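J.: Quick one: the structure is below, and I'll ask about it shortly.
Nothing in this text is a laboratory measurement; each read-out follows from the coordinates by a stated rule. Computed from a predicted structure; not experimentally measured. Every residue, glycine as well, gets a Cβ built from its backbone with ideal geometry; the counts of neighbours run over all protein chains shown.
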Amino acid sequence: MIALSENRSMAQSLDIDAVHASLEGKPAAQIVQWAADRFGDQLVMTSSFGAQAAVMLHLVTRVAPRTPVIFIDTGYHFAETYAFCDALTQRLELNLKIYQSAMSPAWMESRMGKLWELGDSDDERAANLTKYDQIRKVEPQRRALRELEAAACMAGNRRQQTDHRAALRHVEVVDGLPQVYPILTWSQKDVHGYLKEHGLPYHPLYEKGYQSIGDSHSTNPIGEGQHERAGRFMGLKQECGLHLPTTVEEEKSREGSGL
């Protein structure tokens with residue numbers, strides 16, 4: 001099994017600025033091909049099976065059909081998300097790898113309460129949401145990447161989605177692991193065009209106003225003119241932590257909790 005330190009060593013061999021410069025402006029499929037050629041069978045991808053998940057899943061499986069697809073099952077997804085996952089897995093013949101927290105939802109709630117509801121201020125509520133995300137999303141993904149011996153991971157991040165993503169390059173290193181973003185420069189129009197061209201579906205809740213879809217308790221439909229991620233996390237934050245570097249405080253908290 002590859003240790004995180006070995007992943008860091010492999011990542012250090014990449015000249016990220018040079019790689020990004022060579023990939024900037026290239027079609028998404030070529031970026032996927034570059035990743036498949038560079039990392040081979042140690043390339044994985046993540047998917048939340050959210051609103052536009054079919055784009056990346058279709059793009060990647062056309063180039064590297066057996067790429068492991070990591071889905072983090074928090075235990076709180078919409079029923080429609082699980083059905084969407086099943087449908088796309090069958091249609092695209094995905095090599096699906098499902099990971100969950102070692103702590104069941106019932107166990108977590110009995111000891112910590114419903115973290116997404118707790119807090120007397122916005123800062124406290126945001127902190128509790130971050131704690132929830134560490135338990136239910138970040139730890140399982142770190143374990144998935146470790147157990148699958150990933151040398152690089154692809155994701156469908158786009159610059160238009162959040163302030164953090166607006167500054168990303170096509171390849172970044174997060175916690176020592178190269179992250180590849182083939183559709184980073186795509187607009188909503190680009191996404192819609194690709195889905196239409198290939199006869200691919202949006203998430204079933206998309207037509208009901210859910211343009212960015214996560215857990216059922218902290219995802220809401222948005223109104224006309226609102227940003228696509230305005231319905232996430234009660235407006236308290238933009239990212240769940242899966243695409244952010246682990247801070248020193250988060251690492252200490254993770255180790256202290258035994259996760």
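J.: What number comes out for the charge environment of residue 104, summing +1 per Lys or Arg and -1 per Asp or Glu over other residues with Cβ under 13 Å away?
T.: Result for the neighbourhood of residue 104: 0.
J.: Okay, moving on. For the cross-link pairs 131/196; 97/131; 137/196; 26/208, which exceed 26 Å when the distance is taken from alpha carbon to alpha carbon?
T.: 131/196; 137/196; 26/208
J.: Continuing with the same structure: Rank-order 160-166, 58-64 by packing density, defined as the average count of other C-beta atoms within 10 Å over each peptide's residues, highest first.
T.: 58-64, 160-166
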